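J.: My structure is below; once you've seen it, I'll send some questions.
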Amino acid sequence: MLRAIPDDNLAYPVLVTIPQGGTGSGFFLNTSHSEFLVTAKHVLFSPSTGALIGTDCSLISYPRDPTETTRNELHLDLAKLCADGNVKAHADADVAVVKIGNVSGQGVATLLAGVTVNSMAPSGILGVAEASTKSFAEVLVANEVFIFGYPTSLGLKAIPQLDYAKPLLRKGIVAGKNDDLKTIVLDCPVYWGNSGGPVLEVQRVNLTTTRFSVVGVVSQFVPLVETWLNQTQGFENIDLSNSGYSVATPMDPVIELIGTFVPAPAIGGAAV
């Protein structure tokens, strides 16, 4: 039986937990020289102050082989990584990256100081290859997309229906592109906890070839705004609800950020 997406794509999403700030989503991105965690800026940084929300966080991801049962668990000392220049937020876009490792010429990754492995699956950590991403200009309206993430705000905790340590997928389409803001509009509802997760576009190149590309980072939901007016008393009430549309930041600012890192030897750390 064939899955709608490649098996290893199920391992893309990362659960980001910050003790001082709750949870969000993210994914790993690999270049020829480095490994990064990518997430939404507001997952790591306070929108009001611009400071890190917490000094550390934990990451959970799943193995590239869906039959493996051991998950990957990392701890990030964000204070240390930030002091070393390995945490960067984009000035304008809602994305942030954390460099977690260096990659040798032989393709072996060595984790940086400030990154601790608590557990590791036999097949290791799966990162999205830079070649498997698309720029904003390449994203095609009407193509199918899958979003991955950890919407921990859903459900009743007292009557658990979901395993909050496992990601959920959602399917939709590229509903549109905001050329002024350089954002992608998705026909996909998202909820608190989805922020930072990857958006996977499905492009059917021809009758026999399908391309799967990460095209963006989940940023926010689009609200439906309803205004109710009490004409007698002159009171006005505004209700906000989830419209079912969401906004993703394209990969362009992510690629811009990782381009500011200079390859350097790892400091201690473990090989993965």
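J.: Might you let me know whether region 121-134 holds any residue that is surrounded by 12 or more Cβ atoms within 10 Å (Cβ to Cβ), in contact (Cβ under 8 Å) with a residue 40 or more places away in the chain, out of contact with any Pro (no Cβ under 8 Å at 6 or more places or on another chain) and closer than 22 Å to Thr70 by Cα?
T.: yes
J.: Considering only region 53-64, state which residues are more than 29 Å from Pro122 (Cα to Cα) and open to solvent by less than 50 Å² (accessible area, probe 1.4 Å).
T.: Gly54 - this is the single residue of region 53-64 that is more than 29 Å from Pro122 (Cα to Cα) and open to solvent by less than 50 Å² (accessible area, probe 1.4 Å).
J.: Ok, one more. Six or more apart or on different chains, Cβ atoms under 6 Å: show the pairs whose first residue is in region 63-80 and touching a residue at least 60 places away in the same chain (Cβ under 8 Å) and within 28 Å of Ala96 (Cβ to Cβ) and whose second is hydrophobic (A, V, I, L, M, F, W, C) and assigned to a loop (DSSP other than H, G, I, E, B).
T.: The qualifying pairs are Pro63/Ala121; Arg64/Leu126.
J.: So, one more: In a strand (DSSP E or B) and in contact with a Cys (Cβ under 7 Å, 6 or more places away or on another chain): is that true of Leu59 in this structure?
T.: Considered against the rule, which asks whether it is in a strand (DSSP E or B) and in contact with a Cys (Cβ under 7 Å, 6 or more places away or on another chain), Leu59 comes out as no.
J.: When you check Asn178 against the structure, is it closer than 24 Å to Leu15 by Cβ and exposed (fewer than 15 other Cβ atoms within 10 Å of the Cβ), yes or no?
T.: no
J.: Checking the conditions here, which among Asp65, Asp84 is of a type in the set (D, E, K, R) and at pLDDT 95 or above?
T.: Within the list Asp65, Asp84, the selection yields Asp84.
J.: Take the residues in region 20-52 that are open to solvent by less than 10 Å² (accessible area, probe 1.4 Å) and of a type in the set (Ser, Thr, Tyr); name whichever of them is farthest from Ala109 (Cα to Cα).
T.: Per the stated criteria, the residue is Ser25.
To keep it simple, each residue is scored yes or no on (1) of a type in the set (S, T, N, Q); (2) surrounded by fewer than 17 Cβ atoms within 10 Å (Cβ to Cβ); (3) in contact with a Lys or Arg (Cβ under 8 Å, 6 or more places away or on another chain).
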{"site": "Pro167", "(1), (2), (3)": "no, no, no"}
{"site": "Gly172", "(1), (2), (3)": "no, no, no"}
{"site": "Lys182", "(1), (2), (3)": "no, yes, no"}
{"site": "Gly196", "(1), (2), (3)": "no, no, no"}
{"site": "Glu201", "(1), (2), (3)": "no, no, yes"}
{"site": "Thr209", "(1), (2), (3)": "yes, yes, no"}
{"site": "Ser213", "(1), (2), (3)": "yes, no, yes"}
{"site": "Val217", "(1), (2), (3)": "no, no, no"}
{"site": "Gln233", "(1), (2), (3)": "yes, yes, no"}
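J.: Filter region 110-120 down to the residues that are surrounded by 21 or more Cβ atoms within 10 Å (Cβ to Cβ) and out of contact with any helix residue (DSSP H, G or I) (no Cβ under 6 Å at 6 or more places or on another chain), then identify the one that is nearest to Thr49 (Cα to Cα).
T.: This residue is Val115.
J.: Of the numbered conditions (1) in contact with a helix residue (DSSP H, G or I) (Cβ under 9 Å, 6 or more places away or on another chain); (2) open to solvent by 10 Å² or more (accessible area, probe 1.4 Å), Glu256 satisfies every one except a single condition; which is it?
T.: (1)
J.: Of all the residues that make up region 138-154, how many are farther than 24 Å from Pro6 by Cα and open to solvent by 40 Å² or more (accessible area, probe 1.4 Å)?
T.: Total meeting the criteria: 2.
J.: Also, I was wondering about something else. Looking at region 196-211, I want the residues that are farther than 16 Å from Tyr150 by Cβ and have a partner that is in a loop (DSSP other than H, G, I, E, B) and open to solvent by 40 Å² or more (accessible area, probe 1.4 Å) with Cβ atoms under 7 Å, at least 6 apart or on another chain. Which pairs are those?
T.: Gln203/Leu140; Arg211/Val205
J.: Taking interchain pairs and intrachain pairs at least six residues apart, which have beta carbon atoms under 6 angstrom, with the first residue in region 167-194 and under 21 Å from Gly155 (Cα atoms) and the second open to solvent by less than 10 Å² (accessible area, probe 1.4 Å) and aromatic (Phe, Trp, Tyr)?
T.: Sorted first by the residue in region 167-194, then by its partner, the pairs are Pro167/Phe148; Pro167/Tyr150; Leu169/Phe148; Gly193/Tyr150.
The values are calculated or read from the model by the stated rules, or taken from the named source; none is laboratory data. Here the structure is a predicted model, which means the values were calculated and not measured. Cβ coordinates were reconstructed from backbone atoms using ideal geometry, including for glycine residues, and neighbour counts include every protein chain displayed. The accessibility values were calculated without ligands, DNA or RNA, using every heavy atom of the protein model including side chains. Shrake-Rupley method; radii C 1.70, N 1.55, O 1.52, S 1.80 Å.
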